[in-house]
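Here is the structure we will look at.
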Amino acid sequence: MSSSSIVAIVPILCVMAAGIAAMLAEAFREPGERIPISGLGLVGLAGAGISTVLLWGRHATGFGVVAADTFGLFVVMILVVIGAMTMLLSPRMVERDQLPGGEYYALTLFALAGMMLMAMATDLLVIFLALEVMSLAVYVLTAIRRGTEASVEGAFKYFILGGFSSAFFLYGLAFVYGIAHTTKLDGVGSALAGEAASHPTLALVAVGLLLVGFGFKVSAVPFHMWTPDAYEGAPAIVAGFMSTGVKAAAFAAFVRVMVTAFEPLRAAWLPVIWVMAAITMILGTVVGVAQTNLKRMLAYSSIAHAGYILIGLAASNDVGRGAILFYLLVYGVTNLGAFAVIGLLATPGRANDDLASMAGLSNRHPALAAVFAVLLLSLGGIPPTAGFVGKWYIFNAAVRSGDYGLAIIGVLTSVVSIFFYLRVIVMMYMAEPGDAPSSPEPSRAAVLTLAATLIVTFYLGILPAPMLELAARSVGSLF
Amino acid sequence: MVSLNHYLFLSAILFAIGTTGVFLRRNVITVLLSIEIMLNAANLTIVAFGRDFGAVDGQIIVFFVVTVAAAEAAVGLAIVIALFRLRESLDPDAFTSLKW
């Protein structure tokens, strides 16, 4: 163990330290005293962001199980952005819903630390531990309004299916250990390449079990059942946080495991990923059309987006992997922004998260309506927004690897999905105002965050080249 | 003589019991227990392989997993208690305020 081992995990340590500080700040708070705990989180995230930039291109490895390679660091950077947005958007909502502040921020930061570890881990056991650190914090965040039935029920369903999938993941890990005598990804890769023929059945069982585990975490069909319930039950900002952060971290680990450890078995898992991607896109879109609750609609939309990202994995060329990183960034920023708008529209005791309460929003809150419209168009993939470039790049990867089927399904489901995004926009701009009350003005931090989200959405939509190139170069470190 | 295959067979049975339990039992505490059985089935597999290789890392992995399982049980039971306070029921079929 050298000092470079510590260096590789500095981003995680910064966030973890901020999480502990948040807990202590709450514990030592005088009754009635107000501490800006989200500020502590922002300091920790700033530390993580700076150390990520400094680590860039140095290929530091930590303890033989963590790699600060460009692939991992790119995802860490996405997570820093998601974390910072959450910290900036949360304070007013935490106050309004009377959530326990210290616990809320501490759990968010611990979840972020787990996500970062997951993005950088190169050992199946560490991926499992990081996945649990992340998941356990997110289960509690889902249930944080513990007097609300929907919140606790969503968390319960999430917890049961999450624990169930963790068990599958662990059973898969056990078989991998049995075949390769190690849980390190590169060791597993060379063991499978060398003696795949001697235990083909066991290796396939292991891959299958791990696929189930990852499938749950990225909410791919048929392992998506928890998603709409958990997102509807959770406070909007938590739903935004977990629909973006959990997905980014889980996809990072998923891609890393598939292309490093299980590359020798590609012929076996590729058809499974292909089918998963296809049914995930189709079911997410079709069921999304039928939803009238915005959080459920965005939940199904996030399922469909998981399908698009799976296309990048099925394409399994460098274009596909670069496209995954770019898509995770774009999706993270726009989806979190969209959930944040829903969160800002809530009034005390009333969620205002169904389609009907969007009626006439452009009169009541013209700025929020405009931001929401742009973010929804980006999720639907309409130019000149970032979502269009992300989808175009993903479909491009599929076509380049000769996979026209997935590209066609992707384009068709995108077209259908525009229907339910547009329906919300039509409600906001053309319907007569309903009885939904006006929401309080958002805080200045929230306004600035949403403005930044808007700028990023347009910037990445109009001038995507530098970021695309960065994403494409980052995936080179995977081998 | 108990061979590696015996252990693997036993853990496969345990895992199957746990999986069935999650789907079939009508009490949320039993569902939590079923998940624990699944985790421990995986643990047994890992320990059996580790012993077969004559390596200790199998046992070390299991220490980590046991810790995780304990944390998971704590969170799970807390959620169940919160749910019971609101519903006065432990039957998962009663939890239907969210529908797909």
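Worth a mention:
- Its residues counted as N, the range A:125-272 yields a C-alpha radius of gyration over 2.2 N^0.38 Å of 1.12.
- Fraction of accessible area attributable to carbon and sulfur, the protein assembly as shown (%, probe 1.4 Å): 70
- For the range A:419-467, the ratio of Cα radius of gyration to the globular rule of thumb 2.2 N^0.38 Å stands at 1.60.
- Relative intensity of the range A:350-479 on a log10 scale, I(q)/I(0) at q = 0.17, 0.19, 0.23 Å⁻¹, equals -0.98, -1.11, -1.33, per a Debye sum over C-alpha point scatterers of equal strength in the absence of solvent.
- Alpha carbon centroid spacing (whole Å) that separates the range A:381-443 from the range A:134-186: 30
- Two-site label geometry, residue A:56 and residue A:201: point separation in nm, points 7 Å out along Cα→Cβ: 5.1
- Accessible surface, the range B:4-95, averaged per residue in Å² (probe 1.4 Å): 51
- Partner lysines for residue A:295 [C-alpha distance under 30 Å; skip if fewer than 8 residues away on the same chain]: A:157, A:217, A:247, A:391, B:99
- Computed log₁₀ I(q)/I(0) - Debye formula, equal Cα scatterers, no solvent, the protein assembly as shown, q 0.11 Å⁻¹: -0.99
- Seen through its C-alpha gyration tensor, with square-root eigenvalues sorted a ≥ b ≥ c, chain B comes out prolate because a/c lies at 1.5 or above while a/b is bigger than b/c.
- Of B:79, B:29, B:37, the residue with the greatest mean-square motion in the GNM of chain B, using alpha carbon springs below 10 Å, is B:79.
- The range A:6-71 and the range A:250-323: distance between their alpha carbon centers, rounded to Å: 29
- For the range A:132-152, heavy-atom accessible area (probe 1.4 Å) falls by no less than 40 Å² from the chain alone to the full protein assembly at A:136, A:149, A:152.
- Coordinate range along principal axes, alpha carbons of the range A:131-201, Å, largest first: 55, 20, 13
- Crossing angle, helix A:70-96 versus chain A [Cα axis fit, 0-90 degrees, rounded to tens]: 30
- Spin-label model, residue B:93/residue A:447: points 7 Å from Cα along the beta carbon direction are separated by 5.4 nm.
- Stokes-Einstein diffusion for the range A:261-338 at 37 °C, viscosity 0.692 mPa s, with a Kirkwood radius from C-alpha pairs, works out to 246 µm²/s.
- In Å, descending, principal axis extents of the Cα set of the range B:1-60: 41, 24, 13
- Summed over the residues of the range A:85-126 and divided among them, the accessible surface reaches 25 Å² per residue at a probe radius of 1.4 Å.
- Estimated dipole of the protein assembly as shown in Debye, rounded to 20 [Cβ of Lys and Arg +1, of Asp and Glu -1, Cα centre]: 520
- At most 10 other Cβ within 10 Å, DSSP loop - chymotrypsin sites (Phe, Trp or Tyr not before Pro), the range A:95-146: none
- Net charge over other residues, Cβ less than 10 angstrom from the Cβ of residue A:135 (K, R count +1; D, E count -1): -1
- Size of the A/B contact, given as accessible area buried on both chains, probe 1.4 Å, in Å²: 3700
- Each Lys and Arg contributes +1 and each Asp and Glu -1, all at the Cβ; summed about the Cα centre of chain B, the dipole is approximately 240 debye.
The values are calculated or read from the model by the stated rules, or taken from the named source; none is laboratory data. Being a predicted model, the structure only gives us computed values, none of them experimental. Cβ coordinates were reconstructed from backbone atoms using ideal geometry, including for glycine residues, and neighbour counts include every protein chain displayed. These accessible areas exclude ligands, DNA and RNA; they are computed on the full protein's heavy atoms, side chains included. Shrake-Rupley method; radii C 1.70, N 1.55, O 1.52, S 1.80 Å.
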